[in-house]
Amino acid sequence: MTSADTLRAFKRDGRIVVVGASLAGLRAAEALRDEGFTGSLTMIGDESGEPYDRPPLSKQVLTGWVPADGTTLPRRRDVNAEWLLGVPASGLDLATNQVRLADGREVPFDRVLISTGVRARPWFVESEAALDGVFVVRTREHAEGLQRALAAGPSRVLVIGAGFTGSEIASICRERDIPVTVAELAPAPLVGALGAMIGEIAADMQRAHGVDLRCGVKVTRLEGDAQGHFRRAHFDDGSTVDADVAVVALGGIRNTEWLRGSGLAAGVWGIACDTGCRALDLNGLITDDVFVAGDVARCPNPVYEYRLISLEHWANAVEQAEVAAHNMVSGQADRWPHLSIPLFWSIQFGVNIKSVGVPTFADEVVVTQGSVSDHRFVAAYGYRGRVTAAVSFNNAKWLDHYRQLIETAAPFPPPCPTPDQPVDMKPVPVDFPGPVLLAQGATVVVTGHDPGERRVTAVQQHR
């Protein structure tokens, strides 16, 4: 049997398992059927409901415009799959090609796609996280609970963390005329994703809309009353804030723990893969039958010096899932690389913030068009003299122009493409906070002396 015969037989009768039944998993399943895969398809998900859209959870759901159960993802086609929902995967056995489930079942596969995504990082003290009125926002149930709490008219909401999710929630609070305090350890909101200059603009925007923004401070304790309701937060500068609701918006944790012992290059950073979405094993070798897509994938991007990048972006999840699905049912010569330029958007305080590229891959930033004071501008990011990213405030129509500059390694700073040249076009240092992942300790050790014996072994971190 030739390799072409083998591939045809796999597309007709093979077994594909998708672990992670959310956006990336669903779009991959649809793409597999579009590619002509007629074999068995199994979808595994830890949540009990159908796949749903997450961006509205911190936006339209909290305003009450869209009910939480109104976020179900539309089906592009029938995927004819067996759905195993409400039970998480607990292990992956690559020797026998089986996914183990938490309820003891084992699901065999010929090829598997991992799209387990991320979960919300909880408050670090379990008893305080359990107080009534303390929320995270990642699932439909989380958003529904917070929406009810906001609708009850709290005296004040405390948002811990001023990244995109925290800032969007603060915006919703002000839109509903709810007093809100935002606590951020960094010098400004959004500074970890977009740098100091945009962070200062975001800080001005929050304060102009009445947010009690406290930067450079750390929340040390959440205090409840005798009935178990959250009532007060303590800060490391000795101050306190009284509030009825606290929203913990401290980012996400990639769901990779279930892969411990699997032999894959999986950890807190995600699951390493090549641009064809094939997972790497611990030794950095490509696997043949394990693919990765979505928030949990850590993929090299040639535009950014082949650095491995994890992206928690809606568009990236869709595009990567489609590439992974194509490659799962294609021969080596026909496989595609995932080479799209990242795209992200957020709406807060009446401003549509959109970015293209990877702003953290930059050493300088400059406003290239528009007016900062009017919150209608574009800022371009550069690294060693070339354009690497751009961020727009209420000016998204120009981002396709900047995407082309990124793809062609255009010189930085780029000229203003429109008559609305800003007052100051002098680049400034982008000024991101220092890397935090480098401080998380070793995750592997290398053993053996001869090239044929040298191997990598995972080590469990003690944190």
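State the percentage of accessible surface on the range 34-152 attributable to carbon and sulfur atoms; use a 1.4 Å probe and exclude ligands, DNA and RNA. All intermediate terms of the calculation are to be shown ahead of the outcome.
Working: 2670 of 5760 Å².
Carbon with sulfur: 46 percent of the solvent-accessible area.
Kindly write out, for the range 84-96 in residue order, the coupling ³J(HN,Hα) from the Karplus curve 6.51 cos²θ - 1.76 cosθ + 1.60 (θ = phi - 60°), rounded to whole Hz, with x marking Gly and Pro.
Values, residue by residue: 10, 9, x, 9, x, 6, 10, x, 10, 9, 7, 6, 10 Hz.
To the nearest Å, what is the center-to-center distance of the range 297-337 and the range 111-171, using C-alpha atoms only?
29
Give the long-range amide H neighbours of Ala389: residues separated by 5 or more places, or on another chain, with amide H under 5 Å away, using H modelled in the peptide plane at 1.01 Å from N.
Under 5 Å from the amide H of Ala389: Tyr381.
Under the rule a/c < 1.5 gives rounded, and otherwise a/b versus b/c splits prolate from oblate, where does the range 327-368 land using the Cα gyration tensor?
Verdict is oblate for the range 327-368.
Please list Val136, Val329 from largest to smallest accessible area, probe radius 1.4 Å, with all protein chains kept in place.
Result, largest first: Val136, Val329.
Sorted by mean Cβ packing within 10 Å, highest first, what order do the peptides 81-89, 363-371 take?
Top of the packing list down: 363-371, 81-89.
With a 1.4 Å probe and all protein chains kept in place, how do Lys59, Lys397, Lys218, Lys354 rank by accessible area, largest first?
Lys397, Lys218, Lys354, Lys59
Sequence gap at least 6, Cα distance under 8 Å: using those rules, report the relative contact order of the range 222-309 to the nearest whole percent.
16
Once you list every other residue whose beta carbon is under 12 Å from the beta carbon of His313, what net charge do they have if Lys and Arg are +1 and Asp and Glu are -1?
Once all neighbours under 12 Å are counted, the net charge is -1.
How much area per residue is accessible in the chain when the probe is 1.4 Å and only protein heavy atoms are counted (Å²)?
45
Counting pairs of alpha carbon atoms under 8 Å apart in space and at least six apart in sequence, what relative contact order in percent does the range 306-368 give?
Working: 42 pairs, mean separation 16.1, N = 63.
Answer for the range 306-368 is 26 percent.
So, R0 is 22 Å and r is the distance between the beta-carbons of Asp177 and Asp212; what FRET efficiency does that work out to, to 0.05?
0.95
Given H placed on each backbone N at 1.01 Å, which residues far from Ala243 in sequence or on other chains put an amide H within less than 5 Å of it?
Arg232, Ala233
Which order do you get for Asp400, Asp420 if you rank them by accessible area with a 1.4 Å probe, largest at the top?
Reading off the accessible areas and sorting them downward yields Asp400, Asp420.
How high is the relative contact order of the chain, in percent, with contacts defined as C-alpha pairs under 8 Å that are six or more residues apart? Show your work: numbers first, answer last.
Numbers: 1047 pairs, mean separation 60.3, N = 463.
It rounds to 13 percent for the chain.
Quick one: 3J(HN,Hα) in Hz for the range 215-227, Karplus 6.51/-1.76/1.60 with θ = phi - 60°, rounded, Gly and Pro as x.
9, x, 10, 10, 6, 9, 7, 9, 10, x, 8, 5, 8
Which distance in Å, rounded to a whole number, links the C-alpha centroids of the range 359-432 and the range 17-81?
Going from one Cα centre to the other spans 35 Å.
Semi-axes of the equivalent ellipsoid of the range 1-129: what are they in whole Å, largest first, if each equals the square root of 5 times a C-alpha gyration tensor eigenvalue?
Numbers: eigenvalues 199, 81, 23 Å².
With the √(5λ) rule applied to the range 1-129, the semi-axes are 32, 20, 11 Å.
Give me the base-10 log of I(q)/I(0) for the chain at each q in 0.06 Å⁻¹, Debye formula, one uniform scatterer per Cα, rounded to two decimals.
With one equal scatterer per Cα and no solvent, log10 I(q)/I(0) is -0.29.
Would you kindly derive the ³J(HN,Hα) couplings of the range 116-129 from the backbone phi angles with the Karplus curve 6.51 cos²θ - 1.76 cosθ + 1.60 (θ = phi - 60°), listing them in order in whole Hz, with x for Gly and Pro?
Those phi angles translate into 7, x, 10, 10, 5, 6, x, 4, 6, 10, 4, 5, 6, 5 Hz.
The values are calculated or read from the model by the stated rules, or taken from the named source; none is laboratory data. Because the structure is a prediction, the values reported are computed rather than measured. Because the Cβ atoms are built from the backbone with ideal geometry, glycine has one as well, and the counts that use them run over all protein chains shown. Side chains are part of the model used for accessible areas, which takes the heavy atoms of the whole protein and leaves out ligands, DNA and RNA. Shrake-Rupley method; radii C 1.70, N 1.55, O 1.52, S 1.80 Å.
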